[in-house]
Structure formats: C-alpha cells, structure tokens
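For reference, the structure discussed in these notes is given below.
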Amino acid sequence: MAPATSILSIEDLSIAYDRDKYAVKNVTATVRKNAITAIMGPSGCGKTTLLRAINRMHELYPNISTEGKIKLYGDNIYEMPTIELRRKIGMVFQRPNPFPTMSIYENVIAGYKLNGIHLKRSERDEIVEITLRDVTLWDEVKNALHKKGTFLSGGQQQRLCVARALAFKPEIILLDEPTSALDPVSTAKIEDLLVELKQHYTIILVTHNMSQAARISDNSMFMYLGELIEYEDTKTMFTNPKDPRTEGYLTGKFG
Amino acid sequence: MDSSILQKRKTMTTTTHFGARSFKSRLFFSIVLLFALITISIVFLIIGTLAAKGFRQINWSFFTQVAPDTFDAMMANASGKIIPGGILNGITGTLLLVGLASVIAIPFGIVIGIYLYENATKRYANVIRDITDVLQGVPSIVVGLIVYLWVVVDITKGYSVLAGSVALAIMMLPLIIRSTEESMKMVPTTLKEAAIALGTPYYKVILRVLIPSSFSGLITGVLLAVSRVMGETAPLLLTTLGNSSVNWNLAKPVSAVPLLIWQFYNDPNMVNLIWSSSLFLMGFVLLLNILSKWIAAKKSIQ
C-alpha cells in the first residue's frame, strides 16, 4: 500500500445514521490503484455504508451525518458536486438492476442518456460494443441488443450492470456484494471479469463471501461494529491475521 | 421428530374434530361463495337490463344526431316507431368535459403524487395526503356548488364547459394523486439507486426512470379516474347545465351523457332513450376499466 500508487484516501471517516449511532467509526485507509480491495465483515458492520460513502450514495438515507474526508487523487469528494463524483466512481449493486424500460443497448449507454450527453450513432455503437466485450457479454447478446435487458439471465444482467457502470470510464468501480444473488457459474464469470478489469480500473468490493475475497482481492479490509479492524494484503490477512477478531471471523467463529 | 407425536396429531385430525371442523369450513366457504355470486350477478343484471331495454334505440343516428325534442319523440312513440335522433351532443360534451378535466388534473395529480412518494415521511407530505383523502370524500354536489361559485359566477359568467371540467378535475385529483403515489412505490428502489449512481440529476431520475418504470400504473390510475368521473351528474347540473346542440366553445354550456339521461328521465316521451344512453355510458366505462386492467397486466415491469 505504497502511497505512490494510491488513488483514494479515507481520512478519519465517521458516519452516523442517528445521533451517536455510528455505522462507520474513525476509518482511515488508502486504496491502491488498479487493484481489487475487498471489504469484509459480519452483517451490520458498516461495510456497505463505507462503500456507499465513497460515491456519497449514503447521503440518500435520511438524517445521515458524515465526518472526516475521502480524497480522490487528493480532492475531497465531499466538496465535489455529487453528479460529477458519481461519474468518476461507478457502482454495481447486490441485485442486478438493469433499467426494465430500456433495451440492452440503451442500458449500456444509460449513463450518457440520463445525463443528456449526446453522442453520434457511431460513437454510441462503439461504446456499446467495446464495453460489452469488456464484460464478456458481447458474443451472448450481439444479436439481441435491442431486446429488453430484463430478458437476460441473472448473471448476464449483472454483467450488463457492470457494463453500464464501465461505459463512463470511471476511475473506481464500487461493487456491493455483486454475486450474492447469482449461481456459482455466473459468480465465477463475474470474478474472472473483475480480475480482468483491474488492469484499467480500481475496484472496491464488499463481500460476505470470504473465499471470494481470498480468490480475487489484492487487499482486504476487515470491519467489525463500524471500525476498520484490519487492513492488509489479502494473503497476509488470511494466513496471518493480527487481530483476534479478524482471526475469529476468518475461521468462522462468528459472522 | 418423535413419531408418536405425528401419530397423535394424525388421530386427532382424523377422528376427534374432523366432522365438525370440516362442516364449519364448508359452511363458511358456501357463505363467502354466495356473497361473491350475488355481487357478480348484480353487475351482470345491470348490463343485461340495460342491453335488453336499450339496444333497440342504438343505431347509426344514435351516434350522429343530437337529442330529439319532446314533440318528435311523442310522435314516434304514438306511431310505434323508435325515437329519432341520438345523443351526439351528450357524447361530444362528455368527451370535451372529461378531456379538459384530464388536462387540468393529470399534471397536478402526478406531480403531487411524485412529491408524496419522494417525501413519504415528511410532515407536509402527511398533511397533503390527509387533505387529499378529505377531498376524495367531498360530496360531488358540494364540489359542483363551489365551482358554481368560483367559475360560473366569477369567471365565465354563466354555465360553461370550463366550469364543468374544473368540477370533474377536482374529483379526479385525489384519485390520480393516490394512484401515482402507489404506482411509484411499486418501482424497486434499486432502479432509482442505479440511476443516481450514474450521476443522473434528480429531475431526470424522475422523468427518465421513475415515470417510465411506473407508466402502466400511472395510466391505469388515470383511466380509472376518468371512468369514475365520466358518469358524474350532480356537479355538472350546477356547472354546465346542458345544451340541446353540439358545442365546442369552452365558455358556453355543454351537454353530457349523464345529463341527457337525467333529462330523458324527466320527460315521459323520452323513456326509451334513457336505457340506450345508460347502455352507452356503461359500455364506455366498462371498456375503460378493461383497458386499464389490460395495460396493467401487459406493461407491468415485474
């Protein structure tokens, strides 16, 4: 985690849903560029809140209060317009959620459409093809681009959602348990895809699944009751956890 | 599982209470079924009666000519012919009134409905929601009176299409507000989040994601509101009165199908036209209901 390659730094971040009820407590961490960083922990440990704080989606909840800073390339994201920030930091959700009123093609370029950015037809076609190839969906859907995205299988829908997030060429992609609603084969495809994508993007992944974190992540955070207990190289964390709570979670004693 | 417990339960249900329980259950089911059949048969009786009594008058001129005067009707009755003329002034009037009422009520209703959905727990939203419910409970004749005071007396200085439409719009408003809010609630929040995560501005989340995704619900709500006010008579009597010819001028009185039914009812020579006009109105409303059900089933996103 050398600072030279860091893209995002979280500085003393605390998030409370109600007064004095902290979901995230004093988290400080730097995220490495072009790597997969996994956030693990038992339910209710604040990992999803931390992830959503990175593109400020947590602000949609009522009565939220945020202290501390998150810096993207040194700029505090809490001082950026959310619209601009969310174009730089894409997000994929737990359940595949392609827009049901749009075709596969339209879903991929939904970011441009919804932001009112006009592209020439050739540019659109190019973005759709390249992005769908990036998520290894092109061969499966190239003859059905104008069908509704909701006709695809769950795994295909989730890759379409990754494509939708990628089409804007974001710096960072946030994934909130992206495979928890998928079967093992689709999960494997998404995992391969993420490993492929880290060459060009920085990936932050919330996962319930420890073996998934072990398989694909470079660095791992372990959170417990809102605190960042341990943040390590994934191999080190799994083979030699420093904190007894990390060890307890990884060995299945709780969580 | 201990097999003796299973055994015990089995004997209990098969012997001890089986007869009495089964009888109660069947009795209850029969009562429910009876009530359901009575309800359904009322609908079929209405349609059947209207069709049997009204079909004779339904012909081409029924849709293309205005209501006859009482003398022509009397002559036709005396010679045993069907009454000449039709209800064109009523049909065009109803379309004009309901059309203008929709133009007024739909934008208001949908905007307020979206506001209630977006701010579901805020205090203002709760107040608006309660007031909407009160508005829905205002008797239609009272709506007519108020609109008479506001529009007929002050704005159009006489009975008018505008006054009738405002009265109908006020009656449509609560229905559209609530159906909009309900159909917005059916849209999964994950879709809204997906749009927000793409950096979509708030108004575009609503216009490009929420409204298209709940479109069938919105249309269904509007159609039901339209079919609900289409048969309103009392507020129209006080606001647009009626007209013996076709009128497209918004500042002048106009007729409507339910108004014609009321007129025919008050004229012994026109009795036969009551049934055909009612059949037409009923058929139109039924069609709107079926259409809204079809849209809801066909265009549902889930």
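The values are calculated or read from the model by the stated rules, or taken from the named source; none is laboratory data. Since this is a predicted model, take the numbers as computed values, not measurements. Glycine also receives a Cβ, built like all others from the backbone with ideal geometry; neighbour counts cover every protein chain displayed.
Limited to the range B:195-250, what total is found for residues that are within 22 Å of the chain's Cα centre (by Cα) and either among the aromatic types (F, W, Y) or not assigned by TED's automatic domain parsing to the domain that holds B:L279 (or both)? Number satisfying all stated conditions: 1.
Here A:T30 fulfils each of the conditions (1) touching a residue at least 40 places away in the same chain (Cβ under 8 Å); (2) more than 29 Å from B:L210 (Cβ to Cβ) apart from (1).
Restricted to the range B:170-194, and to residues that are facing chain A (nearest Cβ under 10 Å) and of a type in the set (A, V, I, L, M), which residue is farthest from the chain's Cα centre (by Cα)? Across the range B:170-194, the extreme among qualifying residues is B:A194.
From the list B:I155, B:I141, the one residue that fits, being away from chain A (no Cβ under 14 Å), aliphatic (A, V, I, L, M) and not in a helix (DSSP H, G or I), is B:I155. Within the range B:199-238, the set of residues being under 24 Å from A:T82 (Cβ atoms) and either more than 14 Å from chain A (Cβ to nearest Cβ) or not hydroxyl-bearing (S, T, Y) (or both) comprises B:G199, B:P201, B:K204, B:V205, B:I206, B:L207, B:R208, B:V209, B:L210, B:I211, B:P212. Quick one: in the range B:90-131, which of the residues that are polar (S, T, N, Q) and modelled with pLDDT under 95 is nearest to B:V254 (Cα to Cα)? The extreme case among them is B:N126.
The set of residues from the range B:40-91 being more than 23 Å from B:E232 (Cα to Cα), part of a loop (DSSP other than H, G, I, E, B) and not aliphatic (A, V, I, L, M) comprises B:N59, B:D69, B:S79, B:G80, B:K81, B:P84, B:G85. Given the structure, is A:A35 closer than 25 Å to A:E227 by Cβ, away from every other protein chain (no Cβ under 14 Å) and surrounded by 17 or more Cβ atoms within 10 Å (Cβ to Cβ)? When the stated conditions are applied, A:A35 passes them.
Hey, which of the helices (runs of 4 or more DSSP H) in the range A:71-154, taking only ones fully inside, have at least 1 residues that are buried (at least 17 other Cβ atoms within 10 Å of the Cβ) and facing chain B (nearest Cβ under 10 Å)?
Counting at least 1 such residues, we get A:82-88, A:104-108, A:110-114.
Is it the case that some residue within the range A:36-47 is over 17 Å from B:T190 (Cα atoms), part of a loop (DSSP other than H, G, I, E, B) and in contact with a helix residue (DSSP H, G or I) (Cβ under 8 Å, 6 or more places away or on another chain)? Looking for residues that are over 17 Å from B:T190 (Cα atoms), part of a loop (DSSP other than H, G, I, E, B) and in contact with a helix residue (DSSP H, G or I) (Cβ under 8 Å, 6 or more places away or on another chain), one finds at least one in the range A:36-47, hence yes. Pairing residues of the range A:241-255 that are within 15 Å of A:T207 (Cα to Cα) with residues that are modelled with pLDDT under 85, at Cβ distances under 6 Å and at least 6 apart in sequence or on separate chains, gives A:Y249/A:G255. Scanning the range B:293-302 for residues that are polar (S, T, N, Q) and assigned to a helix (DSSP H, G or I) yields no hits at all. Taking each residue of the range A:77-98 that is among the β-branched types (V, I, T) and looking for partners that are surrounded by 24 or more Cβ atoms within 10 Å (Cβ to Cβ) and part of a loop (DSSP other than H, G, I, E, B) with beta-carbon atoms closer than 9 Å, six or more apart or interchain, yields A:I77/A:N55; A:T82/A:N55; A:I83/B:T200; A:I89/A:N55; A:V92/A:P178. Among the residues of the range A:197-231, those identified as without any contact (Cβ under 8 Å) to a residue 40 or more places away in the chain, in a helix (DSSP H, G or I) and in contact with a helix residue (DSSP H, G or I) (Cβ under 8 Å, 6 or more places away or on another chain) are A:A214, A:R215.
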